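Structure record follows, encoded as structure tokens.
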Amino acid sequence: MTTQVHGATPSRLRTAAFAPIGEEGRTDMVVSRLVQAISVGAFTEGERLPSENELSTLLGVAVVTVREALSELRHRDLIETRRGRNGGSFVRPSPAAVEEVNARTLLAESRVAIADLGVHYEVVSAACAEYACLRATAEELEIVADVLAESGDAPTAEWRRRITEVQLELAALSQSVRLTNEHVRLQTEFTPLLALQDLDDEARQHTHAAIVAQVEATRAGDVQAARSAVRESVRGSVRWLIAFRADLHAGSRNSDLRGTLEARRRRRERENRDEQ
């Protein structure tokens, strides 16, 4: 059995993003699903989303609900709509807009809810890591390790997409359909928040190092080390998110959220220039 990292991940993420909403078919639920799909890289810049009718069928909601959700995404500068034969709704190249949406999602969650999501993600990821230690082949791990190695110096958005690919593929190497499906669902929910760390070099390096450690532990068949790598990575991310949420709350007292995020981005750019 061989793993196919490239091309497989978007289909998994899209399946999770478009799981039927059913009776919860409110516009904000559709907006949330589509924002998650864009944030985790299921759809990349310039890519066309499914049509209104297709989204209606996939999500199990009325076309009018989809139309309202797409209108909200246009208002947030996350998509643009083009008319004509090759028209449709296309993902905009707007990392700042995505970051703002993700930050608002973080602010809307309580500390307890963030911590609880982290616990759920940690438990499922650790279980996947354990069974991957027992079932993954050397060839499968080599492919995953190659993608991980190539991601080190990638631009922020590309780095996040590749890291998500690796995390999903490591989960799939558990060879448990139920665990993998649950991991994909949680990854779709959690990754937009995790992406807020990506301008923080220390947090990004911590994540990368933890996944390298997980891959090496899996190669060695060391269940405890693999579970430990997952645990430390997730708990570190949850601590970072809770601290960042507190910073955003403090900053929003004096300015709007967009201004707070822009100031953060400019500060990081200055630090990068100083380091060079």
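The values are calculated or read from the model by the stated rules, or taken from the named source; none is laboratory data. Values in this document were obtained by computation on a predicted structure and should not be read as measured data. Positions of Cβ are backbone-derived with ideal geometry, glycine not excepted, and every protein chain shown enters the neighbour counts. We work out accessible area using only protein heavy atoms, side chains counted, and drop any ligands, DNA or RNA first. Shrake-Rupley method; radii C 1.70, N 1.55, O 1.52, S 1.80 Å.
Details
- Checklist (1) farther than 21 Å from ILE114 by Cβ; (2) out of contact with any Ser or Thr (no Cβ under 7 Å at 6 or more places or on another chain); (3) open to solvent by 10 Å² or more (accessible area, probe 1.4 Å) applied to THR218, failing item: (3)
- Test: VAL40 is out of contact with any Cys (no Cβ under 8 Å at 6 or more places or on another chain), of a type in the set (Val, Ile, Thr), open to solvent by less than 70 Å² (accessible area, probe 1.4 Å) and at pLDDT below 90: yes
- Of all residues in region 42-72, exactly one satisfies the criterion of being of a type in the set (Ser, Thr, Tyr) and under 17 Å from PRO95 (Cα atoms), namely THR44.
- One residue stands out among those in region 79-111 that are part of a helix (DSSP H, G or I) and without any contact (Cβ under 8 Å) to a residue 60 or more places away in the chain: the one that is nearest to THR156 (Cα to Cα), which is ALA97.
- Scan of region 187-228 for residues that are of a type in the set (A, V, I, L, M) and more than 19 Å from the chain's Cα centre (by Cα), ordered by number: ALA213, VAL215, ALA217, ALA220, VAL223, ALA225, ALA226
- Residue among VAL147, VAL124 that alone is on the phi < 0 side of the Ramachandran plot, hydrophobic (A, V, I, L, M, F, W, C), open to solvent by less than 50 Å² (accessible area, probe 1.4 Å) and modelled with pLDDT under 95: VAL147
- Residue in region 60-72 that is in contact with a strand residue (DSSP E or B) (Cβ under 6 Å, 6 or more places away or on another chain) and assigned to a helix (DSSP H, G or I) present: yes
- Some residue of region 166-187 being touching a helix residue (DSSP H, G or I) at 6+ places or on another chain (Cβ under 6 Å), among the charged types (D, E, K, R) and open to solvent by 10 Å² or more (accessible area, probe 1.4 Å): yes
- Where ARG161 falls short, out of the listed (1) part of a helix (DSSP H, G or I); (2) touching an Asp or Glu at 6+ places or on another chain (Cβ under 9 Å): (2)
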